[in-house]
Amino acid sequence: MARKKEFDKDLALQKAIRLFSQQGYAATSTDDLMRVMGIGRQSMYDTFGDKKELFLAALESYSRSSCAQIRAELEKPGRPLDVIRNALVAFAERKDMASSEGCMGLNSISEFGLRDKEVNAVIHPVSHSQRTLILRLLKDAVEAGDLKTKQVNAAADFIDATLAGIRYAAKAGKGRKALRDMAIFAGAALERS
């Protein structure tokens, strides 16, 4: 008879996400994961697979959760440029914007680039969905006459880079006010485009 798992799988996964977010994939050992997650080696392998499978499950969960928060802001009603600006500010004000935290998504992109098909298979659909929503808002802003530039792809790239920049600035120790100011400045730059 199989023994019942004696740990909370979701809680263990959240602990793995936090460790991978702080340290990245290569710097995180299996022993580190077992210690932080509070589980034994066999429980980890039986539940999550090897370190790479655990990483991919953690990245999937992190990406869905992180992008769901941004999506919720981007799907709010209102003038498209206001919605984008408010989403940037809300992102900068998130609780996980601290130098002690990391971003599992950005860490993964920095660590793996485009060379790992499994990592990209997790990241690409989530980022594509978010970008599609941003592009729709930008096109709506152009149609409403609120955005002068017709370069909506470049504007979407700017928003993507701003989100990444806010995350990196937080990791580098920038304070909450500086992060918020970056988001406001980016929103104002869109208004002038």
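So which residues in segment 57-69 are of a type outside the set (Gly, Ala, Ser) and out of contact with any helix residue (DSSP H, G or I) (no Cβ under 6 Å at 6 or more places or on another chain), if there are any at all?
Passing the criteria: Arg64, Gln69.
List every residue pair whose Cβ atoms lie under 9 Å apart, where the two residues are 6 or more positions apart in sequence or sit on different chains, the first residue falls within segment 90-117 and is more than 20 Å from Asp181 (Cβ to Cβ), and the second residue, located anywhere, is part of a loop (DSSP other than H, G, I, E, B) and among the hydroxyl-bearing types (Ser, Thr, Tyr).
Correct list of pairs: Asn107/Tyr25; Ser108/Tyr25; Glu111/Tyr25; Phe112/Tyr25.
State all residues of segment 122-144 that are closer than 17 Å to Arg192 by Cα and either in a helix (DSSP H, G or I) or within 13 Å of the chain's Cα centre (by Cα) (or both); if no residue qualifies, say none.
Across segment 122-144, the qualifying residues are Leu137, Leu138, Lys139, Asp140, Ala141, Val142, Glu143.
Quick check on my filter: what residues within segment 150-159 are part of a loop (DSSP other than H, G, I, E, B) and surrounded by 14 or more Cβ atoms within 10 Å (Cβ to Cβ)?
Going residue by residue through segment 150-159, those that are part of a loop (DSSP other than H, G, I, E, B) are 150-151.
The one that is part of a loop (DSSP other than H, G, I, E, B) and surrounded by 14 or more Cβ atoms within 10 Å (Cβ to Cβ): Gln151.
Just to be sure I understand, how many residues within segment 30-45 are in contact (Cβ under 8 Å) with a residue 12 or more places away in the chain and not β-branched (Val, Ile, Thr)?
6
Name the single residue, out of those in segment 11-69 being farther than 20 Å from Arg94 by Cα and β-branched (Val, Ile, Thr), that is surrounded by the fewest Cβ atoms within 10 Å (Cβ to Cβ).
Checked segment 11-69; the qualifying residue surrounded by the fewest Cβ atoms within 10 Å (Cβ to Cβ) is Thr30.
Please tell me if Ser43 is under 19 Å from the mean Cα position of the chain (by Cα) and polar (S, T, N, Q).
Numbers: under 19 Å from the mean Cα position of the chain (by Cα): no; polar (S, T, N, Q): yes.
Here the answer is no, as Ser43 does not meet what is asked.
So Leu147 passes all but one of these: (1) aliphatic (A, V, I, L, M); (2) closer than 17 Å to Phe185 by Cα; (3) touching a residue at least 12 places away in the same chain (Cβ under 8 Å); (4) in a helix (DSSP H, G or I). Which condition number does it fail?
Going through the list (1) aliphatic (A, V, I, L, M); (2) closer than 17 Å to Phe185 by Cα; (3) touching a residue at least 12 places away in the same chain (Cβ under 8 Å); (4) in a helix (DSSP H, G or I), Leu147 breaks only (4).
List every residue pair whose Cβ atoms lie under 9 Å apart, where the two residues are 6 or more positions apart in sequence or sit on different chains, the first residue falls within segment 47-64 and is within 11 Å of Glu118 (Cα to Cα), and the second residue, located anywhere, is of a type in the set (D, E, K, R) and buried (at least 19 other Cβ atoms within 10 Å of the Cβ).
Pairs found: none.
Taking the residues in segment 21-72 that are basic (Lys, Arg) and under 27 Å from Ser127 (Cβ atoms) as candidates, determine which candidate is modelled with the lowest pLDDT.
Arg64
The values are calculated or read from the model by the stated rules, or taken from the named source; none is laboratory data. The structure displayed is predicted, hence computed values, not measured ones. Counting neighbours? That spans all protein chains shown, and the Cβs are built from the backbone with ideal geometry, glycine included.
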